[in-house]
1. Just for the stretch 378-392: of the residues that are touching a helix residue (DSSP H, G or I) at 6+ places or on another chain (Cβ under 8 Å) and open to solvent by 40 Å² or more (accessible area, probe 1.4 Å), which one is farthest from LYS320 (Cα to Cα)?
2. Among residues belonging to the stretch 234-246 that are out of contact with any Gly (no Cβ under 6 Å at 6 or more places or on another chain) and over 14 Å from PHE210 (Cα atoms), point out the one that is most open to solvent (accessible area, probe 1.4 Å).
3. Tally the residues that are open to solvent by less than 50 Å² (accessible area, probe 1.4 Å) and part of a helix (DSSP H, G or I), restricting the search to the stretch 247-272.
4. Mind listing whichever residues of the stretch 450-504 are among the acidic types (Asp, Glu), modelled with pLDDT under 90 and within 22 Å of TRP393 (Cα to Cα)?
5. Among the strands (runs of 3 or more DSSP E) contained in the stretch 328-427, which hold 1 or more residues that are touching a Lys or Arg at 6+ places or on another chain (Cβ under 8 Å) and farther than 29 Å from MET466 by Cα?
6. Against the condition charged (D, E, K, R) and open to solvent by less than 50 Å² (accessible area, probe 1.4 Å), how does ASP285 come out, does it pass?
7. Within the stretch 379-401, can one find any residue that is over 21 Å from THR472 (Cα atoms), more than 21 Å from the chain's Cα centre (by Cα) and acidic (Asp, Glu)?
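The values are calculated or read from the model by the stated rules, or taken from the named source; none is laboratory data. These figures come from a predicted structure and were not determined experimentally. Methodologically, a virtual Cβ is constructed for each residue, glycine included, from the backbone with ideal geometry; neighbour enumeration extends over all protein chains shown. When the accessible area is computed, the model is the full protein with side chains, heavy atoms only, and any ligands, DNA or RNA have been set aside. Shrake-Rupley method; radii C 1.70, N 1.55, O 1.52, S 1.80 Å.
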Amino acid sequence: MLAYLPRPPTDTSRYGTFPQKPDLPAAAGALGEDGGHQAAATTAKRSAPMPNYPSAPRHSGFVPSEPSLLPSRGSLTTQHHRGHPSWCPPPAPQEAGARFYPLHALSVTNVPNSSHGKTSARSSTIPAPEGLQSRRCKLLEEDSPMVQASKRQRQRQRYVTKLGKCQVNLGNIQDKKRFLSDIFTTIVDLKYRWFLFVFMMCYVITWVVFGFIYFFDAWVRGDVGHQGDPEWRACIENVDGFVSALLLSVESQRTIGYGTRMVTANCAEGVILLIAQSIVGSMIDAMMVGCMFVKISRPKKRAQTLIFSKNCVISRRDEKLCLMFRVGDLRESHMVDAKIRAKLIKSRQTAEGEFIPLEQSELNLGYDTGEDRLFLVEPQIICHVINRHSPFWDMSAESLRREQFEIIIILEGIVEATGNCCLAAGMTCQARTSYTEDEILWGYRFEPCMSLEKGAFQVDYSRFEMTFEVQTPAASAKELHELKELEQQEHSTLSLYWDHLLQPC
């Protein structure tokens, strides 16, 4: 999937927190004269809400003192066994009254009840076949939220990987001459195997070309056929073949100077050829050595010691709903002028019907207050306050599971100048990572990983990824804000009424 396509409006019952129990076909003996009563009971049970189903609280039913908690993802994971989910009944036949149904099922249409009368008793006496039980277990296992999340994660194409690599391939570029106009950057951006190949071929080709020219000049002037003749005035001495001419080319360009082969003053073309090779050799040295220096000194590997937490968390901080993640630096040489940014990648459709794939929007990490500029000495928790300017303003815990988006985190800074890393001094390093909607934990908080030991602060990176569950309302920040304003209005109205009663007549 190349873009996070928006989902068409469908029935909201498909996006429940827990899987629905599929309707089983009624047995032949159960369809009797009391079928209407059973259908009515089924409709009543389906419409009755379950007490343990966590949903976003409304204004009338939300109690601030008892906030609803989102079930932890670890608890959902423990409910799934390797064979079949825990809500599936065992293959052995059981009694009608001992049949187990999960509390978190959205609809329990076929649960036998003694209040149904003869129809319920008649249907409970017929045992369900094993094939039907296995089919029901298979459907429940496929509809489980963890299985659906894992399937969606496998099919999901990330915009940026967890290691910071952008998953964007450029194709069908017609005007490729632009790359040759900036040959220096093109060579530096090559992979190391191709860069070393270009580096070696630049020298080898010039040696071979000038060696062939030396051999051709010596062969035309007759220096090859008059080897050992003391009376012959040779232009190029001690060149009797192509190999010796190649050695002369290498010795001239690299200024080795063994003294056996050399260009004399008996011919002008030999002097001009030697000057040309010296100039070309100097240009190749300047370019290739400069490319090698820049490529080695680029602080790309410095980003590997800048780590991010595996998950984002959403919880309340200072009575505000916040999206938080943790960053850390593993090196003792710290980043200078470190800054952090966040981008939200999400597709949307405009009011005119235009589809915008992978639209980028900014997440405020404290740009107006300066909190986005970090002194990254110890691991820090970066906070995004979900206010009315945030794209998560009207997103609740339930709607978070139905969304498809990606948060890109970009950490930039200048590599600190040290004695062992002087090549990378003054160069900017950038580390990236991403979080999808499945990697955001609602109702969690990061555990502290710093302690004071022996007069210094100790950082325990083994607790860098650890989180713990806290009481967090499952409602959106918009609903919480409206509820708070409503309570303030009621409190002000009550205070005015009380002041009016205390006033004398």
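1. First, the residues of the stretch 378-392 that are touching a helix residue (DSSP H, G or I) at 6+ places or on another chain (Cβ under 8 Å): 379, 386-388, 390, 392.
Right, trim to open to solvent by 40 Å² or more (accessible area, probe 1.4 Å) and you get 387-388.
Values: ASN387: 8, ARG388: 12 Å.
Applying the filter and picking the extreme gives ARG388.
2. Here the residue is ASP240.
3. 7
4. Of the residues in the stretch 450-504, the ones among the acidic types (Asp, Glu) are 453, 460, 465, 469, 479, 482, 485, 487, 490, 499.
Remaining after also requiring modelled with pLDDT under 90: 453, 485, 487, 490, 499.
Result: GLU485, GLU487.
5. Fully inside the stretch 328-427 and qualifying: 355-362.
6. On the way: charged (D, E, K, R): yes; open to solvent by less than 50 Å² (accessible area, probe 1.4 Å): yes.
So ASP285 passes the test.
7. Looking through the stretch 379-401, none of the residues is over 21 Å from THR472 (Cα atoms), more than 21 Å from the chain's Cα centre (by Cα) and acidic (Asp, Glu).
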